[in-house]
Amino acid sequence: MSGKKGILFVVSAPSGGGKGTILKRVFNDKSKVYYSVSATTRKPRDEDTDGVTYHFLSREEFEKRIKENDFLEYVEYCGNYYGTPKSEIVKNLSSGKDVVLEIETEGAFNVKKAMPEAVLIFIIPPSVTELRRRLEKRGTEDKETIDKRMRQAINEIRLAGKYDYIVINGELEEAVADFSAVCKAARIKQDAENIINEVLENA
Ligand code: 5GP
């Protein structure tokens, strides 16, 4: 018997997209979902905890792990490496847990290539005006940085059409409901596939 397999959800959003709040609401039962902890060479920020938000590695350590084939995918993004450790993902999926990756677009497409059954979800802000408002609201960045982030966000949004699903993050309750509907659809499909596999294995 193959057993129940979890679903791999790959979620991307441009900064200001507001994915964190939605994900916390949708995947609130930690016993059923594993949040992947990426490795990175970027410097920790105040809000970071090693081993929780990221595994912080030196470039040498990261490159050693690339050679050892430890990553499901990795990219160089804004001058730093970011990578998804493979073994935890495979282990959790085969134990029946869903897995969530919060990664950028290039990595998301590489995951889809390696694991076509992954469900790619892109979260977009409802408008360019709202995106700018959200970036400005943080109040920590100057105009030049905000303009740069806006351009970067728009470039990422160009790729949203290649994802399996797009969720618009306008009104929070609506976005949570839409995201949950997408997860439900994916779960129905996965449950059916689990049954089909079991039937075929026992036929
Ligand atoms: P930050 O430095 O702001 O934490 O992350 C920068 C970008 O890297 C975000 O879009 C984040 O989703 C993405 N990211 C984080 N971990 C990974 C990873 O393991 N692989 C890829 N491809 N992107 C990642």
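Per-structure values
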item	result
Of the GluC sites (Glu not before Pro) in the stretch 144-203, those whose Cβ has at most 13 other Cβ within 10 Å and which sit in DSSP loop	GLU171
Qualifying GluC sites (Glu not before Pro) for the stretch 1-81 [loop in DSSP, other Cβ within 10 Å: at most 16]	GLU47, GLU68
GNM top mover of GLY96, GLY18, GLY79 - the chain, alpha-carbon springs below 10 Å	GLY79
Rg to Rh, two decimals, where the chain supplies the alpha carbon set and Rh follows Kirkwood	0.98
Loop-resident sites, the stretch 86-160, for trypsin sites (Lys or Arg not before Pro), counting at most 16 other Cβ within 10 Å (DSSP)	ARG138, ARG158
Rounded, prolate or oblate (a/c below 1.5 giving rounded, otherwise prolate when a/b exceeds b/c) for the stretch 37-93 by Cα gyration tensor	oblate
GNM top mover of PRO125, PRO116, PRO85 - the chain, alpha-carbon springs below 10 Å	PRO116
Relative contact order computed over the chain (Cα-Cα under 8 Å; 6+ residues apart), in percent	34 percent
Long pairs among LYS113/LYS137; LYS64/LYS112; LYS30/LYS148; LYS24/LYS189; LYS86/LYS137, criterion Cα-Cα beyond 32 Å	LYS113/LYS137; LYS30/LYS148; LYS86/LYS137
Computed helical MRE - 222 nm, the chain, DSSP H runs ≥ 4 contributing -39500 (n - 2.57), nearest 500	-14500 deg cm²/dmol
For the stretch 139-203 and the stretch 8-72, distance of Cα centres in Å	16 Å
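Where a number appears in this text, it was derived from the coordinates with a stated rule and is not lab data. This one's a predicted model, so the numbers in the text were calculated from it and none came from an experiment. Backbone-built Cβ (ideal geometry, glycine too); neighbour counts: all protein chains shown.
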